[in-house]
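Take a look at the structure below.
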Amino acid sequence: MSDIIKISNYIKPFRKTIRIEGDKSLSIRWALMASQAKGKSTCYNLLKSEDIISTLNCLKKLGIKVKIKKDKCEIYGNGLNSFNLKEKITLDAGNSGTLARLLPGLLVHSKKKIIIKGDKSLSKRDFYRIVKPLEKFGASLKTKKGKLPMTIEGTKFPKPITYFEKKGSAQCKSCIMFAALNTKGTTTIKAKKSRDHSELLFKYLNLPIKVIKTKKHDIIKLNGKKKVRPFNYRIPSDISSSAFFIVLTVLSNKSSLVIKSVNINPTRIGILKILKKMNVNFIIKNTKVLNGEKIGDLHIFSSQSLRPINCPTNFNTAAIDEFLLIFLIAARANGISTFKNLSELNQKESPRLKWGSKLLNKIGIKNIITSDSIKIFGNPNLIVKKKIVIKDFDKDHRVFMTSVIAALTFGGNWKIYDKNSIKTSFPSFLRKIKDLGANIN
């Protein structure tokens with residue numbers, strides 16, 4: 001079967017209500033935490049993507065019993081520090097940075113050497129950010145110049161630490177939190193603002209955590225070695241996956257869309273805050289709290305007269321996975337948009353800031369890029385009529401899906417490679433796009 005798709009027609013106007021699969025960040029965190037509980041934990045609406053399959057396979061290799069059923073997943077944990085460690089275990093994280101950076105936190109107690117590897121894309125990403133704090137706990141880690149594969153050997157007596165997380169990396173912060181879970185005493189993290197899914201999960205499970213919020217940082221204090229109770233968990237729809245359909249609707253003609261039960265955690269909705277400033281028309285209804293996470297129904301409408309933005313950098317962390325899509329909105333805006341302090345974008349599955357610039361160049365939008373910023377000269381009257389080929393993007397799922405949205409809303413004849421890249425995070429993406437009326441070959 002071909003791994004290439006072709007698009008040569010705009011999507012027709014649509015008015016639909018849809019549901020998006022479960023949040024990827026929460027799916028991985030649920031599985032890892034359930035492995036530390038004593039007994040059966042059950043999850044509903046778990047995302048069934050390659051990243052989650054990699055997570056479950058790693059847990060199975062560590063001796064955790066996992067049952068996947070049609071509408072739920074069950075994990076039978078054996079309690080804290082209860083992995084069944086065999087000699088020469090190699091854990092394959094696939095493409096998942098979240099898995100590869102969080103799981104080592106649960107291995108600071110491991111008595112045997114464990115190797116963590118990933119695919120070609122993941123093996124290019126930075127792992128120094130978790131090596132330093134885990135070494136402070138007492139673990140021994142070896143990497144390939146800060147990259148995977150990584151070998152970790154735990155310590156019999158991990159020590160609680162105090163650590164300043166400066167990057168705004170929720171993965172680094174969460175890794176430390178999972179390490180603290182298995183460590184006697186109080187661990188303190190001063191963390192630059194980032195996603196707080198792990199903190200909310202710890203609170204939901206009544207684990208001893210205290211979070212003090214300041215303007216730029218969160219101070220997190222964790223007391224370790226407290227038993228984790230088995231728990232049931234329902235995962236809301238992923239805002240990052242929903243973002244593709246939000247932007248598709250905004251840029252399409254005479255269309256509207258309702259996306260049900262989306263995770264609107266305040267640390268994840270940077271895209272909504274940015275789009276509101278750019279005059280995008282949307283409403284959030286039926287808000288409530290589910291397992292500590294805020295959720296709601298998103299009502300999105302086609303938007304005319306999009307405004308350019310000098311994007312506040314304090315929105316960056318909460319929108320880091322959505323900037324490729326935000327750049328498309330800026331391409332349609334009437335004026336010049338500026339985005340700064342985005343060097344972290346180039347630490348993703350591909351150098352996404354560079355790819356954002358490449359994509360804009362391909363559709364005829366002038367932009368100026370530096371190592372950590374981009375200036376976009378929007379054109380509300382842009383119509384693409386040429387042939388465009390998208391390939392060699394390190395199989396980055398977000399580059400693929402963003403290209404699909406651009407093809408359906410800006411016009412042109414597109415050939416986009418590596419459609420199987422979506423299996424890492426959003427396997428049903430193309431089917432859902434076609435359900436809205438898109439003509440994709």
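The values are calculated or read from the model by the stated rules, or taken from the named source; none is laboratory data. Everything quoted here is computed from the prediction, not taken from an experiment. Cβ coordinates were reconstructed from backbone atoms using ideal geometry, including for glycine residues, and neighbour counts include every protein chain displayed.
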Next on the checklist: Take V399 and tell me if it is touching a Lys or Arg at 6+ places or on another chain (Cβ under 9 Å), touching a residue at least 60 places away in the same chain (Cβ under 8 Å), among the hydrophobic types (A, V, I, L, M, F, W, C) and in the same structural domain as S242 (by TED's automatic domain parsing).
Outcome noted: yes
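In region 389-398, what residues are of a type outside the set (A, V, I, L, M, F, W, C), within 19 Å of G411 (Cα to Cα) and either crowded, with 18+ Cβ neighbours inside 10 Å or in contact with a helix residue (DSSP H, G or I) (Cβ under 8 Å, 6 or more places away or on another chain) (or both)?
First pass over region 389-398, keeping only residues of a type outside the set (A, V, I, L, M, F, W, C): 391-392, 394-398.
Narrowing further to those that are within 19 Å of G411 (Cα to Cα): 391.
None - no residue of region 389-398 is of a type outside the set (A, V, I, L, M, F, W, C), within 19 Å of G411 (Cα to Cα) and either crowded, with 18+ Cβ neighbours inside 10 Å or in contact with a helix residue (DSSP H, G or I) (Cβ under 8 Å, 6 or more places away or on another chain) (or both), so the list stays empty.
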Checklist entry - Quick one: which strands (runs of 3 or more DSSP E) sit completely within region 327-388 and have at least 2 residues that are surrounded by 14 or more Cβ atoms within 10 Å (Cβ to Cβ) and of a type outside the set (S, T, N, Q)? => result 336-339, 374-377
Item to check | Verdict on I246 being of a type in the set (V, I, T), part of a helix (DSSP H, G or I) and closer than 15 Å to A318 by Cα | outcome: no
Next on the checklist: Based on this model, can you work out whether I422 counts as modelled with pLDDT of 95 or more and within 25 Å of S343 (Cβ to Cβ)?
Outcome noted: no
Item to check | Neighbours by Cβ (under 7 Å, 6+ apart or cross-chain): first from region 279-299, touching a residue at least 60 places away in the same chain (Cβ under 8 Å); second surrounded by fewer than 18 Cβ atoms within 10 Å (Cβ to Cβ) | outcome: N291/Y204; G292/K203; G292/Y204
Item to check | Members of region 329-385 that are of a type in the set (S, T, Y), closer than 30 Å to K147 by Cα and free of Cβ contacts under 8 Å to residues at least 60 places away in the same chain | outcome: S343, S357, T370, S371, S373
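Checking the conditions here, which among V108, V131 is over 10 Å from A179 (Cα atoms) and either without any contact (Cβ under 8 Å) to a residue 24 or more places away in the chain or of a type outside the set (F, W, Y) (or both)? Don't jump to the end; show me each part of the working.
Values: V108 fails: over 10 Å from A179 (Cα atoms).
From the options V108, V131, the qualifying one is V131.
Which residue out of K136, K112, K69, K48 is farther than 21 Å from S198 by Cα and out of contact with any Leu (no Cβ under 6 Å at 6 or more places or on another chain)? Walk me through how you get there before you give the answer.
On the way: K136 fails: farther than 21 Å from S198 by Cα; K112 fails: out of contact with any Leu (no Cβ under 6 Å at 6 or more places or on another chain); K48 fails: farther than 21 Å from S198 by Cα.
From the options K136, K112, K69, K48, the qualifying one is K69.
Within the group G105, G94, which residue is at pLDDT 95 or above and in a loop (DSSP other than H, G, I, E, B)?
Values: G105 fails: in a loop (DSSP other than H, G, I, E, B).
That would be G94, the only listed residue that is at pLDDT 95 or above and in a loop (DSSP other than H, G, I, E, B).
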Item to check | Residues satisfying the stated conditions in region 206-229, i.e. in a loop (DSSP other than H, G, I, E, B) and buried (at least 19 other Cβ atoms within 10 Å of the Cβ) | outcome: L207, G224
Item to check | Residue count for region 401-441, restricted to those that are of a type in the set (S, T, N, Q) and within 26 Å of T98 (Cα to Cα) | outcome: 7
Checklist entry - For T249, all conditions in the list (1) within 19 Å of the chain's Cα centre (by Cα); (2) in the same structural domain as N291 (by TED's automatic domain parsing); (3) polar (S, T, N, Q) hold save one; what is the number of the exception? => result (1)
Next on the checklist: Given (1) more than 23 Å from the chain's Cα centre (by Cα); (2) under 15 Å from K221 (Cβ atoms), identify the lone condition not met by L141.
Outcome noted: (2)
Next on the checklist: Take the residues in region 261-301 that are assigned to a loop (DSSP other than H, G, I, E, B) and within 18 Å of the chain's Cα centre (by Cα); name whichever of them is surrounded by the most Cβ atoms within 10 Å (Cβ to Cβ).
Outcome noted: R268
Checklist entry - Are there any pairs with C-beta distances below 6 angstrom linking a residue in region 154-183 that is on the phi > 0 side of the Ramachandran plot and touching a residue at least 40 places away in the same chain (Cβ under 8 Å) to a residue that is of a type in the set (D, E, K, R) and not in a loop (DSSP other than H, G, I, E, B), with the two at least 6 apart or on different chains, and if so which? => result G168/K192
